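Peer 1: The structure is given below, and queries will be raised subsequently.
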Amino acid sequence: MLVKNLPNAEYYTALVEIIKAVAKINKDANVTLKDRITTLLYVDTRAVEMHRKLCKEFLIGASRSKSFLPSILAYWTELSNGYQLCLRQLQSSKNSQIDAQIERVAIRALHHQLSLIKWSALRYISADGNTWQQAYRLYQFAEQNGFHGKAITMYDQQSESTTGEQLLIQAAMLHLAQTDNLLTIEIEAIHLLLARLSEGIKLQNTASKSDFQYVINLDLPAPPQLLRRGTLGKGCRYWSGDFVVNRLADLILDFDQGIPEGFKQALPAMDTPTWRNLLQKLSSRWSQDGGKSMRQHERLSSTGHAKVEIGFEKIAHHLKVNRNALQQDESNDDWRVNDASEAGFGLTYLGRSVESLMIGRTIWVSSREHPGQLCVIRRVQRLAEGGTRVGVEVLGSLPLPVSLSEGGIDDSNSSSGLYITQTNAKKGQRVFLIPKRLADNGRELTFAANGKSYQIRILHSNAIFEDCQQVEFETLERL
């Protein structure tokens, strides 16, 4: 046994050592099938709680948690590879009998492989075809041996059981949720939601007469999709779209009474309006047209470089320092404009600082054709070939940087704000962005810009972004 008495404390350091041990086992061709299975199952069982702690800390944005990501992914990768080695050894052996231990090996392998797909979504990366293909082969192993629909408890300390069929459907529906413009909190919530939604769904070997079905082709390295005409083949597995959206409709009714008990464990926690908003998004994206009918504005192709600043404070600072600069001469080769519509832009980012590209964060975009646009990031997709696609919604043009203080004009502890006049706002209503800590209803502030100062009162919040808040205000007096 390579790993014994694994420590509960210092779980990050311990997990790194565990991953190294598993990688060593995977490279050792002399390990017998029995020893490989026993060791991997033991190590996985002892390490799973450590790994969950790392995942939890990463998802809630705990201090230093970004450094956990390589280990989080390596855990699933090495164990999935190790379990797949076990199954290959089994298939090449003379005695290839399937027992409960082998079933657990297969279900854990499938879970870990599909977890890599989920965590690709959490990082706005489309899982490559090979990652899907490995998952499909694991499911086919279960299917060929007749236990794909059998409820299996992956870890003895767990009360819940799941089937290979459920795991595959959950990953498929998460992909079909079009996660590139969802918050990480929403992606994690969908994962929780699908554990309930997938119950009772069965994969079929033949398509039904319904026009609304989803399909996976187990023989191709490609993700699941809505059934299109001609999508047939021996490796195709189908399930009903109507069944999924009907179950979702029932859940929406449940949420009208508040958050059901089983969903209060969402990580991080979500309030009832956020849950309802997510459910409405899913009802469109999982619909028969895949949410295409939701697009309200035609996109027109556009080319050219752009100057970009990301984040409320950075934007405010940049605009204060460069108020008289010619923005179109400050374009950055890292940013390119791909398309534009009435509502926003499609951009491509070629740089490496992708961590700052968070959905819901403000972004300022200025190009020759579209100078000084204040926007919000709505979609992020990291491309396998390099670069990141970024979709943004325009709030308005030519934002004015303002200073905000609570103690009067001479208050040295002023904060930044961004103001767009009604004329320059995209929806014809003025836009006022301020730090979240100042956004309380009824709070009075001194608003200073262009050499003039006003006493204002915050009335209510219009929108909450990742890095600031949009509020409505009334002017009390000029100072």
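The values are calculated or read from the model by the stated rules, or taken from the named source; none is laboratory data. As the structure is a computational prediction, the values presented were derived from the model and not from experiment. Here the Cβ positions follow ideal geometry from the backbone for every residue, glycine too, while neighbour counts run over all protein chains shown.
Peer 1: Which of (1) out of contact with any Gly (no Cβ under 8 Å at 6 or more places or on another chain); (2) among the β-branched types (Val, Ile, Thr); (3) under 24 Å from residue 90 (Cβ atoms) is the odd one out, the single condition residue 22 does not satisfy?
Peer 2: The single condition residue 22 does not satisfy is (1).
Peer 1: Then there's this: Is it the case that the stretch 115-131 has a residue that's in contact (Cβ under 8 Å) with a residue 40 or more places away in the chain, β-branched (Val, Ile, Thr), more than 23 Å from residue 42 (Cα to Cα) and touching a His at 6+ places or on another chain (Cβ under 9 Å)? Before you say what the answer is, go through the steps one by one.
Peer 2: Of the stretch 115-131, the ones in contact (Cβ under 8 Å) with a residue 40 or more places away in the chain are 116-119, 121-130.
Pick out the ones that are also β-branched (Val, Ile, Thr) and you get 117, 125.
Next, only the ones that are more than 23 Å from residue 42 (Cα to Cα) stay: 117, 125.
Now restrict to residues that are touching a His at 6+ places or on another chain (Cβ under 9 Å): 117.
Yes, the stretch 115-131 contains a residue that is in contact (Cβ under 8 Å) with a residue 40 or more places away in the chain, β-branched (Val, Ile, Thr), more than 23 Å from residue 42 (Cα to Cα) and touching a His at 6+ places or on another chain (Cβ under 9 Å).
Peer 1: Please tell me if residue 169 is modelled with pLDDT of 90 or more, more than 23 Å from residue 104 (Cβ to Cβ), β-branched (Val, Ile, Thr) and in the same structural domain as residue 60 (by TED's automatic domain parsing).
Peer 2: no
Peer 1: Sticking with this structure for a sec: Mind listing whichever residues of the stretch 435-479 are within 38 Å of the chain's Cα centre (by Cα), assigned to a strand (DSSP E or B) and farther than 15 Å from residue 405 by Cβ?
Peer 2: Within the stretch 435-479, 459, 460, 461, 462, 463, 464, 469, 470, 471, 472, 474 meet the criteria.
Peer 1: Whether any residue in the stretch 323-336 is at pLDDT 90 or above and closer than 28 Å to residue 414 by Cα is what I want to check.
Peer 2: Checking the stretch 323-336: not a single residue is at pLDDT 90 or above and closer than 28 Å to residue 414 by Cα.
Peer 1: Another question, if that's okay. Look through the stretch 366-391, keep the residues that are in a strand (DSSP E or B) and closer than 20 Å to residue 430 by Cβ, and return whichever of them is farthest from the chain's Cα centre (by Cα).
Peer 2: Among those residues, the one meeting the criterion is 373.
Peer 1: Still on this structure, please answer the following. So the check is Cβ under 8 Å with 6+ separation or different chains; which pairs have a first residue in the stretch 341-356 that's in the same structural domain as residue 390 (by TED's automatic domain parsing) and free of Cβ contacts under 8 Å to residues at least 60 places away in the same chain and a second one that's charged (D, E, K, R) and in a loop (DSSP other than H, G, I, E, B)?
Peer 2: Partner pairs satisfying both residue conditions: 341/298; 341/299; 342/298; 346/299.
Peer 1: What do you reckon, is residue 155 surrounded by 13 or more Cβ atoms within 10 Å (Cβ to Cβ) and under 30 Å from residue 38 (Cβ atoms)?
Peer 2: yes
Peer 1: Being β-branched (Val, Ile, Thr) and either at pLDDT below 95 or in contact with a helix residue (DSSP H, G or I) (Cβ under 6 Å, 6 or more places away or on another chain) (or both), is that true of even one residue in the stretch 62-72? Before the answer, list the steps.
Peer 2: Step one: list which residues in the stretch 62-72 are β-branched (Val, Ile, Thr), which gives 72.
From what is left, the residues that are either at pLDDT below 95 or in contact with a helix residue (DSSP H, G or I) (Cβ under 6 Å, 6 or more places away or on another chain) (or both) are 72.
Checked the stretch 62-72: at least one residue is β-branched (Val, Ile, Thr) and either at pLDDT below 95 or in contact with a helix residue (DSSP H, G or I) (Cβ under 6 Å, 6 or more places away or on another chain) (or both).
Peer 1: A further question follows. Specify which of the listed residues (351, 360, 372) is at pLDDT below 90 and surrounded by fewer than 21 Cβ atoms within 10 Å (Cβ to Cβ).
Peer 2: 351
Peer 1: Pick from the stretch 107-129 the residues that are more than 11 Å from the chain's Cα centre (by Cα) and part of a loop (DSSP other than H, G, I, E, B): which of them is farthest from residue 183 (Cα to Cα)?
Peer 2: By that ranking, first place goes to 128.
Residues are listed down the side, and each one gets a yes or a no for (1) over 30 Å from residue 58 (Cα atoms); (2) surrounded by 14 or more Cβ atoms within 10 Å (Cβ to Cβ); (3) touching a residue at least 60 places away in the same chain (Cβ under 8 Å); (4) among the acidic types (Asp, Glu):
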| residue | (1), (2), (3), (4) |
| --- | --- |
| 195 | no, yes, no, no |
| 198 | no, yes, no, no |
| 222 | no, no, yes, no |
| 232 | yes, no, no, no |
| 253 | yes, no, no, no |
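Peer 1: Would you be able to tell me the number of residues in the stretch 187-242 that are among the hydroxyl-bearing types (Ser, Thr, Tyr), assigned to a loop (DSSP other than H, G, I, E, B) and under 25 Å from residue 122 (Cβ atoms)?
Peer 2: 1
Peer 1: Still on this structure: Given the criteria surrounded by 18 or more Cβ atoms within 10 Å (Cβ to Cβ), of a type outside the set (Lys, Arg) and in contact with a Gly (Cβ under 8 Å, 6 or more places away or on another chain), does residue 391 qualify?
Peer 2: On the way: surrounded by 18 or more Cβ atoms within 10 Å (Cβ to Cβ): yes; of a type outside the set (Lys, Arg): yes; in contact with a Gly (Cβ under 8 Å, 6 or more places away or on another chain): yes.
Answer is yes for this residue.
Conditions (1) in the same structural domain as residue 38 (by TED's automatic domain parsing); (2) within 20 Å of the chain's Cα centre (by Cα); (3) at pLDDT 90 or above; (4) of a type outside the set (A, V, I, L, M, F, W, C), marked per residue:
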position	(1), (2), (3), (4)
132	yes, yes, yes, no
145	yes, no, yes, yes
181	yes, yes, no, yes
195	yes, yes, no, no
217	yes, no, yes, yes
224	yes, yes, yes, yes
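Peer 1: Hey, does the stretch 417-432 have a residue that's over 26 Å from residue 344 (Cβ atoms) and either surrounded by 15 or more Cβ atoms within 10 Å (Cβ to Cβ) or in contact with a strand residue (DSSP E or B) (Cβ under 7 Å, 6 or more places away or on another chain) (or both)?
Peer 2: No, the stretch 417-432 contains no residue that is over 26 Å from residue 344 (Cβ atoms) and either surrounded by 15 or more Cβ atoms within 10 Å (Cβ to Cβ) or in contact with a strand residue (DSSP E or B) (Cβ under 7 Å, 6 or more places away or on another chain) (or both).
Peer 1: Could you list, in sequence order, all residues of the stretch 202-216 that are in contact (Cβ under 8 Å) with a residue 40 or more places away in the chain, surrounded by fewer than 21 Cβ atoms within 10 Å (Cβ to Cβ) and not basic (Lys, Arg)?
Peer 2: Scanning the stretch 202-216 gives 211, 212.
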